[in-house]
Amino acid sequence: MQQLPEAKADPHSEPILELANIRHSYAGNPALRGISLDVARGEFLTLLGPSGSGKSTLLRVIAGLEEPDSVGQMRLDGHDIRKLPANLRNVSTVFQHFALFPHMTVGQNVEYSLRLRKVPQDLRRQRAEEALALVRLEGKYERRIHQLSGGERQRVALARSLVMGPDVLLLDEPLGALDERLRLDMQLELIELRRKTGGTFILVTHSQEEAITMSDRIVLMRSGAIEQVGTPRDLFGSPETEFAARFMGVENVLRGTLAAMSGRRAEVRVGDQIIVGRAVGDVARMGPGDAVFVAIRAEHVHVGAGGGAANTLRGTDGAPIYKGRFSDVTYRSAVGSLVARLGDADQRAPKHADLSFSPEHCIVGVVDRGKLA
Amino acid sequence: MSLVSATSDRGGVAPPATRTIRFSLEGAAIRLVTGLWAIGVLLPILSLLVIAFLRGRGIGFIWTPSLQAYSDILVGFRIEIILRTLRIVALVTLIEFVLAFPFALWLAKGLRAGWTKSIILVLLVVPFFLSPAARTIVWRSILGREGLVNSVLMSSGLVDTPLDWLLFSQFAIHLGLIGPYFPSMVWPLFISISLIDDELIKASRDLGGSAWQTLWLVVVPLAAPGIAAGILFTAIPMLGDNVVSALLGGGRVALLAESFDDLIRAMNFAGAAALASLLVLIILALGAAVLALLRRNGINGDVFRGMQA
């Protein structure tokens with residue numbers, strides 16, 4: 001009983017955003033199939049998925065810009081926001097194309113939310129200048145929007161959203177409109193900004209690299225449902241479904257049948273070969289005979305004799321592709337084609353070689369979570 | 001190697017040649033259009049200004065500059081007509097705006113693209129194809145002493161004698177002007193509101209803007225060029241409308257355009273020219289006022305640039 005108020009004071013005690021069973025469809029096509037998700041205070045959460053996976057729709061539902069077909073629960077900072085229109089929800093969106101008001105100056109854009117809330121002009125300006133300083137745009141208050149570069153517009157959009165002190169900042173593929181170099185800079189800047197403000201950020205992206213770099217937690221989405229939730233390390237190292245493995249960029253994904261299980265050690269029959277790997281996900285629900293996938297990252301495939309690992313296959317007809325920092329060599333093998341990565345791009349790839357990989361780096365999981373449930 | 005250099009040679013020579021040809025064609029076209037515009041539009045207006053400073057003699061002119069024409073036309077009753085015309089045009093333009101803005105907003109942002117939208121847009125074009133006289137004369141059978149309105153009012157017992165201020169009155173002229181000039185107001189508003197990116201409206205909502213705040217702070221300023229165009233496209237032709245006042249004013253309520261008919265019928269060409277140059281002046285003043293209003297509210301080329309971005 002004594003600990004109750006103390007637990008309340010702990011910022012991590014209750015989630016800032018609670019979503020339960022959100023369903024939405026566009027003209028009969030389901031876009032969200034019952035999404036439930038809690039977002040912790042101060043968390044950097046990423047909604048990751050291919051286009052059409054429902055990640056942007058979910059963001060718009062949270063912002064109130066999209067009215068979902070049905071909502072089990074939607075609570076922001078402990079308050080029910082199901083019936084609250086967008087303008088009364090204390091969340092703010094950074095739009096993909098920034099959506100800056102072209103008829104206003106940078107300063108007027110940034111202080112727009114304060115103007116709506118009838119904040120006096122001098123205080124408004126002071127807070128707008130502070131927000132601009134936060135995104136390193138000091139002295140640009142009087143500029144017009146069309147005078148800014150893409151990266152600067154991005155920062156104005158961030159400042160405009162941050163100035164209202166939102167409970168949650170929603171970022172809808174905000175880096176998509178920027179060129180490669182600027183995107184990498186902005187990634188670091190967003191991380192820094194989150195650290196400085198201590199706010200809760202929800203980012204939507206289709207780039208697994210972006211998600212891994214920035215997030216505390218990743219929600220991988222697929223056709224309107226959550227495929228897997230976890231830390232970047234979880235998603236990258238232990239994708240639990242074939243879709244997750246492919247989306248997280250695993251080069252070698254094979255299909256097979258589970259032959260034997262002991263603990264996390266799984267033996268899989270692929271063609272007429274037995275591959276030993278590490279089972280991920282809900283091991284208790286996997287049994288011999290189940291359809292499973294096997295996933296091995298190219299950098300974990302050892303080329304040449306002396307690998308000494310449990311899984312060794314003969315690779316033939318290696319076809320190297322130069323990638324700058326490394327080369328990827330595609331070999332033919334008894335289980336289909338296998339990509340191996342040579343760390344030294346200038347190293348000559350052997351035409352035929354033994355390919356080996358350790359069970360630790362060979363992930364085994366169910367092909368489709370839907371078939372299990 | 002030879003093949004590569006040959007193609008690159010051809011590629012290097014050919015484009016400038018085509019560019020030169022296109023350039024001269026473009027230049028010729030621009031000169032032609034400018035010339036036609038000067039002959040067809042500027043010249044008549046300039047000759048109007050000249051004729052206005054002459055005195056008429058029969059169907060010819062006395063070629064000595066004079067202000068006689070101006071003093072001839074600026075007599076009490078005509079000043080009254082000018083002021084009445086300006087008042088009616090201003091009021092009807094305001095009424096058009098109040099009716100057209102919500103309609104254009106709904107058409108541009110409230111209505112999804114589809115059959116309804118297409119049909120409404122077509123209906124908005126139809127009045128341009130109808131004879132102005134034909135669509136105006138209909139009001140007579142509605143507003144007349146034995147017209148539809150009076151019949152209904154009489155038979156329902158609301159009035160004992162037919163209302164005779166319905167037709168051949170300022171009321172009738174206001175009513176008659178609203179219909180024909182509604183599309184002229186709706187179109188520019190519809191187009192400028194359509195051009196506003198939906199994301200901007202969503203952004204305003206997202207940042208805490210109520211529907212009214214979003215309308216006032218985002219939609220209206222961004223639609224300002226369309227509002228200006230709508231006012232000009234409506235008010236300017238309405239200043240010269242000679243159909244509605246002739247058919248629904250019944251000689252009791254004369255408007256400016258009828259004065260032209262009167263002056264020309266009396267072969268007072270210098271007077272007609274003087275009145276016309278006065279009208280041109282009024283139109284220029286109106287245009288300048290609208291532009292100044294836009295400027296004062298900080299609307300300039302940025303709005304259009306923002307739309308393209």
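Below is a table of values for the structure above.
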item: Close pairs (6 angstrom Cβ cut-off, 6 or more residues apart or separate chains): in contact (Cβ under 8 Å) with a residue 60 or more places away in the chain and under 21 Å from A:Leu162 (Cβ atoms) in segment A:199-225, crowded, with 18+ Cβ neighbours inside 10 Å and of a type in the set (Ser, Thr, Tyr) anywhere; result: A:Leu203/A:Thr46; A:Val204/A:Ser56; A:Ser215/A:Thr46
item: Residue tally, condition open to solvent by less than 10 Å² (accessible area, probe 1.4 Å) and out of contact with any Pro (no Cβ under 8 Å at 6 or more places or on another chain), over segment A:271-286; result: 2
item: Conditions (1) more than 14 Å from chain A (Cβ to nearest Cβ); (2) at pLDDT below 95; (3) open to solvent by less than 20 Å² (accessible area, probe 1.4 Å): number failed by B:Leu163; result: (3)
item: Residue in segment B:225-234 that is out of contact with any helix residue (DSSP H, G or I) (no Cβ under 7 Å at 6 or more places or on another chain) and either away from chain A (no Cβ under 14 Å) or buried (at least 17 other Cβ atoms within 10 Å of the Cβ) (or both) present; result: no
item: Enumeration of residues in segment B:184-204 that are open to solvent by less than 50 Å² (accessible area, probe 1.4 Å), within 11 Å of chain A (Cβ to nearest Cβ) and either of a type in the set (Gly, Ala, Ser) or without any contact (Cβ under 8 Å) to a residue 12 or more places away in the chain (or both); result: B:Glu199, B:Ala203, B:Ser204
item: Long-range neighbours under 9 Å by Cβ, at least six apart or interchain, first residue crowded, with 16+ Cβ neighbours inside 10 Å and hydroxyl-bearing (Ser, Thr, Tyr) within segment A:287-300, second modelled with pLDDT of 90 or more and not in a strand (DSSP E or B); result: none
item: A:Pro85 being open to solvent by 10 Å² or more (accessible area, probe 1.4 Å) and more than 9 Å from chain B (Cβ to nearest Cβ); result: no
item: In segment B:205-221, residue surrounded by the fewest Cβ atoms within 10 Å (Cβ to Cβ) [restricted to those that are within 7 Å of chain A (Cβ to nearest Cβ) and part of a helix (DSSP H, G or I)]; result: B:Gln213
item: Checking A:Gly318 against (1) within 26 Å of A:Pro50 (Cβ to Cβ); (2) open to solvent by less than 50 Å² (accessible area, probe 1.4 Å), the condition it does not meet; result: (1)
item: Residue satisfying condition, being more than 13 Å from chain B (Cβ to nearest Cβ) and of a type in the set (A, V, I, L, M, F, W, C), within set A:Leu132, A:Leu148; result: A:Leu132
item: Given (1) in the same structural domain as B:Leu256 (by TED's automatic domain parsing); (2) touching a residue at least 12 places away in the same chain (Cβ under 8 Å); (3) open to solvent by 50 Å² or more (accessible area, probe 1.4 Å), number of the condition B:Ile45 does not satisfy; result: (1)
item: Number of the condition not met by B:Phe168 [criteria: (1) away from chain A (no Cβ under 13 Å); (2) buried (at least 21 other Cβ atoms within 10 Å of the Cβ); (3) not in a helix (DSSP H, G or I)]; result: (2)
item: Residues being farther than 21 Å from A:Thr200 by Cβ and open to solvent by less than 20 Å² (accessible area, probe 1.4 Å) - total across segment A:23-75; result: 3
item: Residue tally, condition modelled with pLDDT of 90 or more and surrounded by fewer than 17 Cβ atoms within 10 Å (Cβ to Cβ), over segment A:150-166; result: 1
item: Meets criteria (within 21 Å of A:Phe236 (Cα to Cα) and open to solvent by less than 50 Å² (accessible area, probe 1.4 Å)) for A:Val303; result: no
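Results for (1) more than 21 Å from the chain's Cα centre (by Cα); (2) modelled with pLDDT of 80 or more; (3) surrounded by 13 or more Cβ atoms within 10 Å (Cβ to Cβ); (4) more than 14 Å from chain A (Cβ to nearest Cβ), shown as yes or no for each residue.
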site: B:Ala266; (1), (2), (3), (4): yes, yes, no, yes
site: B:Ala272; (1), (2), (3), (4): yes, yes, yes, yes
site: B:Ala276; (1), (2), (3), (4): no, yes, yes, yes
site: B:Ile283; (1), (2), (3), (4): no, yes, yes, yes
site: B:Ala289; (1), (2), (3), (4): no, yes, no, yes
site: B:Gly298; (1), (2), (3), (4): yes, no, yes, no
site: B:Asp302; (1), (2), (3), (4): yes, no, yes, no
site: B:Met307; (1), (2), (3), (4): yes, no, yes, no
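The values are calculated or read from the model by the stated rules, or taken from the named source; none is laboratory data. Nothing here was measured: the structure is a model prediction, and the numbers come from that model. As a convention, Cβ positions derive from the backbone with ideal geometry for all residues, glycine included, and neighbour counts pool all protein chains shown. Surface accessibility is based on the protein's heavy atoms, side chains included, excluding ligands, DNA and RNA. Shrake-Rupley method; radii C 1.70, N 1.55, O 1.52, S 1.80 Å.
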